[in-house]
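As structure tokens, the structure follows; a few thoughts come after it.
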Amino acid sequence: MTFKIISDSSCDLDKKTLEDLDIEIFRIKSTDEEGEDLKEDIDNQEIYKRMREGAFFKTSQITFYEYLKKFEELAKDGIDIICLTLSSGMSGTFQNACMAKKEIEEKYDVRVEIVDSLAASVGFGQITYFAGLAAKNGASYDEVLDLLEFLVKNTKHIFTVYDLKYLYEGGRVSRTKAKISSVLNILPILEVDEEGKIYLSDVVRGKNKSYKKMVEIMKEKSNSNGDDRIFPVYADNKELLDSLINKLKDKGYKKFLILEIGQTIASHVGPDIYGLAYLAENIPEKFKKYLD
């Protein structure tokens, strides 16, 4: 591979997977209520524990200078770059990466493509995973870009949280919508729109109905025949996924890659979350030789 794929920590892929796929990661920094930076190696479970005790965390976007420094390191060695960013509907990282791309291309004879994932967490992870796998298995630079165009267009998210206060504090839902989760046993069903922004899709009462609704939405919005991998996601209670995965298996879905929410996204959604990412269409045949 004569090019490098770069993503960031909000994709929530685990360290081993990222190493196996040779994907470089920008870390999105988090700070606590005192303004202290969280350690890079802090355990996700520690984050969830502190949030349950009342702590809130903030994240800062990857800066233009961080992108520029990494891009220049690669460009000096003649390495082309594909950089995937957190949704522009949720962060300014895409714009920062684009500014760095412009400067690099004025100085070096390399290709730099910035891809707005229009996704976060598990959806961003799905996009990053498939792009990295294709590159690892011999797809060319242009083939990976072609695949990414398909993935960004067809990646869908569904998730629920027990408390919308974290999304409200981050400015991602209104106060009125945030009040929904304060009603006993009411769970919001959240999705991500075509602009990469979170929206309230529905509300249900209880976990069992949330699983059912997620599967219904997925079946309604996807033409997949079940051959492509589904990406379930959770925070500190993996057992929440058991019923969801069983319902998906009953509908003919066979392959799963489970992700754990990391500190970046947990800061905005809280510790009580589960959901999934999926594709609206089956991956085209021309790419499947790279994704087995």
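The values are calculated or read from the model by the stated rules, or taken from the named source; none is laboratory data. Note that the structure is a prediction, hence the values are computed from the model and not measured. When we count neighbours, we look across all protein chains shown, and the Cβ atoms used for this are built from the backbone with ideal geometry, even at glycine. For accessibility, only protein heavy atoms count, side chains too; no ligands or nucleic acids. Shrake-Rupley method; radii C 1.70, N 1.55, O 1.52, S 1.80 Å.
Here is a yes/no grid of residues against (1) open to solvent by 80 Å² or more (accessible area, probe 1.4 Å); (2) in contact (Cβ under 8 Å) with a residue 60 or more places away in the chain; (3) among the aliphatic types (A, V, I, L, M):
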| residue | (1), (2), (3) |
| --- | --- |
| Phe3 | no, yes, no |
| Asp8 | no, yes, no |
| Ile25 | no, no, yes |
| Gly35 | no, no, no |
| Asn44 | no, yes, no |
I need every pair where a residue in the stretch 232-247 that is more than 15 Å from Asp272 (Cα to Cα) has its Cβ under 9 Å from the Cβ of a residue that is part of a loop (DSSP other than H, G, I, E, B), sequence separation at least 6 or different chains.
Ile245/Tyr253; Ile245/Ile258
Restrict the check to the stretch 23-32 and report whether at least one residue is in contact with a strand residue (DSSP E or B) (Cβ under 8 Å, 6 or more places away or on another chain) and part of a helix (DSSP H, G or I).
no
Please pick out the residue among Gly78, Gly92 that is under 15 Å from Arg27 (Cα atoms), touching a residue at least 24 places away in the same chain (Cβ under 8 Å) and either open to solvent by 10 Å² or more (accessible area, probe 1.4 Å) or not basic (Lys, Arg) (or both).
Gly92
Exactly one condition in (1) modelled with pLDDT of 95 or more; (2) surrounded by 18 or more Cβ atoms within 10 Å (Cβ to Cβ) is false for Thr59; which is it?
(1)
Residue selected from the stretch 216-230 under the condition within 22 Å of Phe130 (Cβ to Cβ) and not in a loop (DSSP other than H, G, I, E, B), by the criterion modelled with the lowest pLDDT
Lys219
Under 6 Å between Cβ atoms, which residue pairs at least 6 apart in sequence (or on different chains) link something in the stretch 265-276 that is on the phi < 0 side of the Ramachandran plot with a partner that is among the β-branched types (Val, Ile, Thr) and part of a helix (DSSP H, G or I)?
Ala266/Ile47
Within the stretch 99-121, can one find any residue that is modelled with pLDDT of 95 or more, open to solvent by less than 20 Å² (accessible area, probe 1.4 Å), farther than 21 Å from Glu191 by Cβ and part of a helix (DSSP H, G or I)?
yes
Go through (1) modelled with pLDDT of 90 or more; (2) out of contact with any His (no Cβ under 9 Å at 6 or more places or on another chain); (3) open to solvent by less than 50 Å² (accessible area, probe 1.4 Å) one by one and return the number of the condition Tyr278 breaks.
(2)
Can you spot a residue in the stretch 126-135 that is free of Cβ contacts under 8 Å to residues at least 40 places away in the same chain and under 18 Å from Val192 (Cα atoms)?
no
Of the residues Lys209, Lys247, Lys254, Lys238, only one is at pLDDT 90 or above, open to solvent by 60 Å² or more (accessible area, probe 1.4 Å) and part of a loop (DSSP other than H, G, I, E, B); which?
Lys238
Across the stretch 182-199, what is the number of residues that are among the hydrophobic types (A, V, I, L, M, F, W, C) and surrounded by 17 or more Cβ atoms within 10 Å (Cβ to Cβ)?
5
Specify which of the listed residues (Thr59, Thr17) is hydroxyl-bearing (Ser, Thr, Tyr) and assigned to a strand (DSSP E or B).
Thr59
Residue among Val269, Val233 that is in contact with a Ser or Thr (Cβ under 7 Å, 6 or more places away or on another chain), crowded, with 22+ Cβ neighbours inside 10 Å and within 30 Å of Lys16 (Cα to Cα):
Val233
Looking at the stretch 184-201, I want the residues that are on the phi > 0 side of the Ramachandran plot and have a partner that is open to solvent by 70 Å² or more (accessible area, probe 1.4 Å) with Cβ atoms under 6 Å, at least 6 apart or on another chain. Which pairs are those?
Asn185/Arg205
